[in-house]
Amino acid sequence: MAFVICHFMGKDYKLTIGLEIHAELNTKTKMFCNSANHPDERRPNVNICPVCMGYPGTLPVINKEAVRSILRLGVAVGGELADFTEFDRKNYFYPDIPKGYQISQYKYPLVKGGSLNGIKITRIHLEEDTAKSTHLSPAPLLAQGEGKGGEVSLIDFNRAGVPLMELVTEPVMHTSEEAVKFAKELQLLLQYLGISNANMEKGEMRVEANISVQRSDLKNSDFQGQTLGTKVEVKNINSFRAVGKAVEFEYKRQIEILENGNEVIQETRGWDENVGATFSQRLKESAHDYRYFPEPDLPKLFINEVPDFTRTVLAESLPELPWQKRERLLKLGITAEHAEIYVTQPEWGNYFEEVIECLGDIRLIPLASNYITSDLKKPVEPEALVEVIKMVDSGELSSRGAKDILKIIEIKGGDPGQIAKEKNLIQENSKEVLKKVVEEVLNENPEASIQFLIGQAMKKTENKANPKILSELFEQVKN
């Protein structure tokens, strides 16, 4: 796999990236209770109950659909599904964790291994999301008295307990482009499977990047057999663009540290989009800092004992996956760029499929794709587009005429054939008629090039002549 190497004064530096990606699952209820999982709820603290608020004496119950969602994802990426799994308590204290611990998975994740976009996956597991904190400064709620004008933190527990997927990759990416591409493909896969909307702007999908820089003093080193550099985790990355920028910034920052003779500190850093830089948050915790232990209030799960969770049943539930769709579309003769539009934009992808079905002629599919991607701002009736394409193919309509008709249909609809007649766009294909035009143009321009002659003939026919036939006629006369 290709990777980036920076060279400074006899030293080579290699970037290595691993990603941890969280995505909220779109189940009807939360992970361990019946409170609604409603990401668009604007009223704070309405989708809560004693269980997700961590009241004493309450007992969690596992959301079966959330487990099934992770297993389906595991099958899609070719991972190993767990036979035995359990949930664990991840202990840490923060205002957005009402119980004082988060229910997660540690030793026995639901999925191990697999790959996506050629990147190896370490594990995929389930946990519950935290509440959402909002920090306000100056405080709008303190009108007077002590603390006036200070910072206030507000907590909305609607999100606390929402099912959360965590996917961890192996540290095998070596460019920011690879990292961004992987994150985009995962988002697409989650959406195709229907298990998460994965909208990064809404916080439904969050990316954390583990970044390290490996130094070698060996000339022309290939870095084989050398240990990775110190890992720094970057959080608060809320867009694909920010993923790339954060990786690039951290790469340069760590190289500068090493160049100055210092060592990189293992820590957690945040990403500040406004400044375009990472900033230190805290020293990086290790697993033992969280004091993991099996969740005593939840049963152990034996996946193979659940009929709905067998690999065969799960595989049958999968739709056509993004990479399968790309491969199928490319076989139709369209470009990779067009295929990517149809894979990543469902509205246009579905429209393209409808047009193909109406078209009934595989030969015309690339032409149809050209008009869809180049000339339509919004889908028109598939039958109308197909009629335009067939008129172009038969020579009845020029490419320019087709574009004009599609523009009219987009604005106010209509029948393509009727519009072509009304706008005088029907192409002249009669060789007998066009021979007279050719003779006239040649008499006026005996020494001109064929391209010039065709242009003059098009003017005389008000662009109604078929340029292909004109070209043939001029070639015959000239030769």
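The values are calculated or read from the model by the stated rules, or taken from the named source; none is laboratory data. Given the structure is predicted, the values throughout are model-derived calculations rather than measurements. Neighbour counts are summed over all protein chains in view; Cβ atoms, including those assigned to glycine, are modelled from backbone coordinates with ideal geometry.
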Item to complete: Kindly check whether there is at least one residue in the range 286-296 that is free of Cβ contacts under 8 Å to residues at least 40 places away in the same chain and within 27 Å of the chain's Cα centre (by Cα).
Response: no
Discussion item. Against the condition crowded, with 17+ Cβ neighbours inside 10 Å, over 27 Å from Leu189 (Cβ atoms) and out of contact with any strand residue (DSSP E or B) (no Cβ under 7 Å at 6 or more places or on another chain), how does Leu258 come out, does it pass?
Written reply: no
Worksheet item: Do any residues in the range 72-83 that are farther than 11 Å from Leu110 by Cβ have Cβ atoms under 9 Å from those of residues that are assigned to a strand (DSSP E or B) and among the small types (Gly, Ala, Ser), where the two are at least six apart or on different chains, and which pairs are they?
Response: Val77/Ser115; Gly78/Ser115
Fill in: Selection from the range 22-51 of residues that are in contact with a strand residue (DSSP E or B) (Cβ under 8 Å, 6 or more places away or on another chain), of a type in the set (A, V, I, L, M, F, W, C) and within 22 Å of Thr85 (Cα to Cα)
Ala23, Leu25, Met31, Phe32
Discussion item. Looking at the structure I just gave you, is Gly74 surrounded by 14 or more Cβ atoms within 10 Å (Cβ to Cβ), at pLDDT 95 or above and farther than 24 Å from Asn238 by Cβ?
Written reply: yes
Practice prompt. Return the only residue of Tyr108, Tyr94, Tyr101 being surrounded by fewer than 15 Cβ atoms within 10 Å (Cβ to Cβ) and either in contact with a His (Cβ under 7 Å, 6 or more places away or on another chain) or of a type in the set (Ser, Thr, Tyr) (or both).
Written response: Tyr94
Response to the item:
Reported set for the range 57-71 where residues are surrounded by fewer than 20 Cβ atoms within 10 Å (Cβ to Cβ) and out of contact with any helix residue (DSSP H, G or I) (no Cβ under 9 Å at 6 or more places or on another chain) is Gly57, Thr58, Leu59, Val61, Ile62, Glu65
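Per-residue answers, yes or no, for (1) in contact with a Ser or Thr (Cβ under 7 Å, 6 or more places away or on another chain); (2) assigned to a loop (DSSP other than H, G, I, E, B); (3) of a type in the set (S, T, N, Q):
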site: Pro39; (1), (2), (3): no, yes, no
site: Pro50; (1), (2), (3): yes, yes, no
site: Gly54; (1), (2), (3): no, yes, no
site: Leu59; (1), (2), (3): no, yes, no
site: Glu65; (1), (2), (3): yes, no, no
site: Ile70; (1), (2), (3): no, no, no
site: Phe93; (1), (2), (3): no, yes, no
site: Lys99; (1), (2), (3): no, yes, no
site: Lys107; (1), (2), (3): no, yes, no
Worksheet item: Restricting the search to the range 21-37, which residues are farther than 25 Å from Lys235 by Cβ and not β-branched (Val, Ile, Thr)?
Response: Lys28, Cys33, Asn34, Ser35, Ala36
